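Step one of this worksheet: look at the structure below.
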Amino acid sequence: MKNIKNKVVASAMSFIMLFSVTSCDIFDLDINQDPNNPTEASPDLLLANVQLNGITTFAGGLNNATMGFMAINTSFDGFNMNNGSWNGTWNFLYSNPLVDLDRIIISAEESGNNPHYLGVAQVMKAYYFSIMVDMWGDLPYFTAFKGDIGEKNPGYDDDAVIYEDLIALCDKAVENFQLNSAVAVTGDLIYNGSVSKWTKAAHTLKLRLLLHKSALDESGMATQIQALIDDADVDLITSSGDDFLFKFGSLQNPDNRHPMYQAGYAGGEAGYSYFGSQFMIEMLENRDPRVPFYFKRQTDEVLDINDPTDKQTIPCSQRTDCIYGYYVTNPAMTQRVYGVDPGSMTADQEAYLAGFFGRDRSDPSGIPNDNPIRTIPGAYPGAGLFDDVAEKGGGNKGRGDGIFPMITSWMTYFYLLEAQVRLGVNTGMSDTELLEAALSAQMDKVIAVGTAADPAASDDVTAWDYPITYTGFDEYVDEIVDAYPAGGSEGQKLQYMMKQLWFSSLGNGYEIYNAFRRTGYPTGLQTPLQRPRQFALRLPYAQAELNLNSSTPTVVFDSPSDAVFWDVVKFQF
């Protein structure tokens, strides 16, 4: 991967000097521009900055929180947020990648000969702002970057109105991609300037937006989605080579590695939050072959509950209401994983299960010094290490050049499956064909990223030396597809597919968080042990906005009355 310029100069002040000669004009003073302080950055540098800084932000703390909301990890799994929680994230997005996007669009529109850069910027804007609407609801949008003309308190535009403009941006981008351009797109870290791939991304992003809106207007959006699918000129992202994703670098200085890698490996022994116990146990119970790609064990030693030091470290040792707790001594968990009680496990079985060290959902217990033993991210998606406890995590031992999957072929198939089941759209494929395509594509991506990240990684399940016999990838997909409730109700089908989406959402929590708010599925996730707030239906606004922008509305992020416009479920525990 080419080295990425971490930050470009977006704009610089222009100084006008007035020089007067009162006696006589001997010469004219020629004012030259300082090449180190350009008045305008080139679009390739701006685009690289937009993609690197924007995607790094969306792939980091925000993404981690959405996975926590959905019990994949424990980030904000108690929903205890305030207006300071996302202050820095909000400010950075508006002051860096979003304003740079605005400059690319203005420059491309003014030049008149640069439709492809314009189209790329329009797709990026539609994707970035769609995430922000999904997370915050109403936003400064139409006047957000008009400070140069005196708009110091940009108004908050209605989230539904913003969505309409984002859908229109996707259409405009496609129109611009169809035009001849005098300028080739460079600086593109996603598709390397491929107009055909950007066109597919625009179409698929539109499908995603329509699907979100369909929670409010099923018949209207079903018609539009059907028209999109039936249009012979529309190509969606249906192959992995066209995936809309960002691949991070492996540089340590400046550090442009995957945020999950930075937290789990570069941030000490384990700066990453705990994995959710339910997520890990169910994958173990299912013999899901993604387990050694997803999770990196750091220990094989069984803690002694009679040792005061160990007891303090054992999950949920101070509570009686945990479901999962410390798996290796919990009969309910050893029965689920091995079919035996703790005392009947072999030494290898004990050692293996001891390495899966997670946490019950919203366990309010204090955090002990367990960094060296908690399970950390594996080879997918952050390009850490494949699971081999002989090679413990931490210490920058991996590559870190993982991916953030924004819109992928497997997501497209899940979109189409939901549209077919819930809206009656005819995709031309059966439900089981769509599910098989989704799962196969996701697992292929896990294998590709994981094996590239760690030479020890292998998709040859028969060669794995674990005291669990995992199911082969193809066989596993067949088993899941065969169990699909083809003759069941709409609710049963949605529950089944959304649970599979849950297992596939490590690395992109936005999709499952949105799906849950849109449909109410999957059900059956562990009820939080203790939480100071209700389920997060959106995020609180930044404190800086409340302090400085009088237009900022007053909302309660866990109140059904303040949910984003397309959320008809308004889930409450």
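Each value in this text was obtained by applying a stated rule to the coordinates, not by laboratory testing. All values derive from a computational prediction rather than experimental measurement. All Cβ positions, even for glycine, are placed from backbone atoms using ideal geometry, and neighbour counts span all protein chains on display.
Pairs are defined by a Cβ separation below 6 Å, a sequence spacing of at least 6 or placement on different chains, a first member in segment 162-174 that is over 13 Å from Arg208 (Cα atoms), and a second member that is part of a helix (DSSP H, G or I) and among the β-branched types (Val, Ile, Thr); the pairs so defined are Ile162/Val133; Ala173/Val123; Val174/Thr199. Looking at the structure I just gave you, is Ser561 of a type outside the set (A, V, I, L, M, F, W, C) and outside any helix (DSSP H, G or I)? So Ser561 does not fit the description; no. Residues that are among the charged types (D, E, K, R), surrounded by fewer than 23 Cβ atoms within 10 Å (Cβ to Cβ) and part of a helix (DSSP H, G or I) do occur in segment 223-240. Note on segment 335-355: residues that are surrounded by 19 or more Cβ atoms within 10 Å (Cβ to Cβ) and under 32 Å from the mean Cα position of the chain (by Cα) total 5. Restricted to segment 335-386, and to residues there that are in contact (Cβ under 8 Å) with a residue 40 or more places away in the chain and of a type in the set (S, T, N, Q), the residue that is farthest from Pro315 (Cα to Cα) is Thr346.
In segment 39-72, the residue that is farthest from the chain's Cα centre (by Cα) out of those that are under 16 Å from Ser85 (Cβ atoms) and polar (S, T, N, Q) is Thr57.
Checking the conditions here, which among Asp474, Asp459, Asp478 is assigned to a loop (DSSP other than H, G, I, E, B), farther than 17 Å from Met411 by Cβ, out of contact with any Lys or Arg (no Cβ under 8 Å at 6 or more places or on another chain) and of a type in the set (D, E, K, R)? Explain how you work it out, then say what you get.
On the way: Asp474 fails: assigned to a loop (DSSP other than H, G, I, E, B); Asp478 fails: assigned to a loop (DSSP other than H, G, I, E, B).
After applying the criteria, what remains is Asp459.
Going through (1) part of a helix (DSSP H, G or I); (2) touching a helix residue (DSSP H, G or I) at 6+ places or on another chain (Cβ under 6 Å) one by one, Gln262 falls short only on (2). Only one of the numbered conditions (1) part of a loop (DSSP other than H, G, I, E, B); (2) buried (at least 24 other Cβ atoms within 10 Å of the Cβ); (3) under 22 Å from the mean Cα position of the chain (by Cα); (4) not hydrophobic (A, V, I, L, M, F, W, C) is violated by Gln442, and that is (1). Hey, among the residues in segment 278-310 that are of a type in the set (Asp, Glu), surrounded by fewer than 16 Cβ atoms within 10 Å (Cβ to Cβ) and in contact (Cβ under 8 Å) with a residue 12 or more places away in the chain, which one's nearest to Met67 (Cα to Cα)? So, considering only residues that are of a type in the set (Asp, Glu), surrounded by fewer than 16 Cβ atoms within 10 Å (Cβ to Cβ) and in contact (Cβ under 8 Å) with a residue 12 or more places away in the chain, the one nearest to Met67 (Cα to Cα) is Glu285.
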